[in-house]
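A.B. asks: Okay, here's the structure, questions in a sec.
The values are calculated or read from the model by the stated rules, or taken from the named source; none is laboratory data. The structure presented is a predicted model; accordingly, all values stated were derived computationally and were not measured. Counting neighbours? That spans all protein chains shown, and the Cβs are built from the backbone with ideal geometry, glycine included. Side chains included, ligands, DNA and RNA excluded: accessible areas come from the protein's heavy atoms. Shrake-Rupley method; radii C 1.70, N 1.55, O 1.52, S 1.80 Å.
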Amino acid sequence: MLVEIEDVLSLDEYQGADPEEVKRKILGIESAIRAYTNNYFTVRGARFTVPSFGGKLVGTMPYINASDRVQITRSGFFNEDRYFVPNGINDGLYNVLSVSDGVTELDSDLYDLDVNEVFLIRYPEAVKAGVLDLLKWEATGRDKVGVSSESLSRHSVSYYQFNDSEMLMGYPAALMGFLKPYVKARF
């Protein structure tokens with residue numbers, strides 16, 4: 001996973017938060033970062049192609065361990081003429097639960113297919129730190145977006161007003177600067 005749920009739950013802003021809700025937020029931020037940067041953060045040297053059977057990958061690789069994040073691409077089967085037919089039904093992001101006895105178990109069951117191309121994903125520490133900052137802002141600043149000021153009796157507070165040019169993927173553009181070195185060109 002992009003950042004560990006336990007790391008987020010240890011933040012003051014997330015004390016007592018529901019772990020499933022935190023997981024959904026992390027997954028949402030992960031997909032937004034991957035879409036914005038056009039970067040999948042795959043380790044190209046750590047790739048293998050294996051079949052899936054019984055909901056698991058039938059094969060392992062020495063570079064992939066439990067708690068790693070992997071991406072399956074180009075999943076499919078061979079037809080009766082032995083031509084590869086991609087169907088993409090297993091394509092997606094998964095957490096590795098265990099690797100043992102030639103079997104890689106993921107956090108979701110897979111369909112039985114002849115081919116699953118598996119890539120290891122590694123996020124740089126700068127991205128992980130930036131995501132923690134985004135999650136802190138999510139907990140403390142999200143409710144203030146759109147509010148320019150509030151007053152209670154003689155106490156008045158003004159907030160910075162965000163417009164579309166200052167927001168990026170629903171977050172302040174200033175907080176998203178950590179992604180700039182990881183943006184890849186789109187063709």
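A.B. asks: Rg/Rh for region 77-128: what does it come to with C-alpha atoms and Rh from Kirkwood?
C.D. replies: Over the Cα atoms of region 77-128, Rg/Rh equals 1.07.
A.B. asks: What does the accessible area per residue of the chain come to in Å², with a 1.4 Å probe and no ligands, DNA or RNA counted?
C.D. replies: I get 59 Å² per residue for this part.
A.B. asks: For Leu93, what charge total do you get from the other residues with a beta carbon under 14 Å from its beta carbon, if Lys and Arg give +1 and Asp and Glu give -1?
C.D. replies: 0
A.B. asks: Choose one of Ser67, Val183, Ser98: the residue whose Cα lies farthest towards the positive end of the charge dipole of the chain (beta-carbon charges +1 Lys, Arg; -1 Asp, Glu; about the Cα centre).
C.D. replies: After comparing all options, I get Val183.
A.B. asks: Between Tyr123, Tyr83, Tyr40, find the one with the highest GNM mean-square fluctuation for the chain; connect C-alpha pairs within less than 10 Å.
C.D. replies: Among Tyr123, Tyr83, Tyr40, the largest mean-square fluctuation in the Gaussian network model of the chain belongs to Tyr83.
A.B. asks: Roughly how many debye, to the nearest 20, is the charge dipole of region 32-131 about its Cα centre, given +1 on each Lys and Arg Cβ, -1 on each Asp and Glu Cβ, and no other charges?
C.D. replies: So the magnitude is around 500 debye.
A.B. asks: May I pose another question? Counting only other residues whose beta carbon sits under 15 Å from that of Asp12, what net charge do I get with K and R as +1, D and E as -1?
C.D. replies: Taking every Cβ under 15 Å from that of Asp12, the sum is -4.
A.B. asks: Dipole magnitude of the chain about its Cα centre, charges +1 at Lys/Arg Cβ and -1 at Asp/Glu Cβ only, in debye to the nearest 20?
C.D. replies: Taking the Cα centre of the chain as origin, the dipole is about 780 debye.
A.B. asks: Give the angle, between 0 and 90 degrees and rounded to the nearest 10, that separates the Cα long axis of helix 125-140 from the longest principal axis of the Cα atoms of the chain.
C.D. replies: Orientation of helix 125-140: about 50 degrees from the principal axis.
A.B. asks: Right, another one. What is the sum of charges, Lys and Arg at +1 and Asp and Glu at -1, for the other residues whose Cβ falls under 9 Å from the Cβ of Phe84?
C.D. replies: +1
A.B. asks: To test your reading of the geometry: what angle, between 0 and 90 degrees and rounded to tens, separates the Cα axis of helix 19-37 from the longest principal axis of the chain?
C.D. replies: 80
A.B. asks: Mean separation of Cα pairs under 8 Å and 6+ residues apart, divided by the residue count of region 8-153: what relative contact order is that in percent?
C.D. replies: Reported relative contact order: 28 percent.
A.B. asks: Next question, about the same structure. Is it possible to state the helix-based mean residue ellipticity at 222 nm for the chain, with each DSSP H run of 4+ residues giving -39500 (n - 2.57), the sum divided by total residues, to the nearest 500 deg cm²/dmol? What is it?
C.D. replies: After summing the helix terms and dividing by the residues of the chain, the value is -7000 deg cm²/dmol.
A.B. asks: Right, next: Number of Lys-Lys pairs in the chain under 27 Å by Cα, sequence gap 8 or more or different chains?
C.D. replies: Eligible lysine pairs with Cα atoms under 27 Å apart amount to 20.
A.B. asks: Oh, and also: Arranged from highest to lowest average of other beta-carbon atoms within 10 Å per residue, in what order do the peptides 68-76, 27-35 appear?
C.D. replies: 68-76, 27-35
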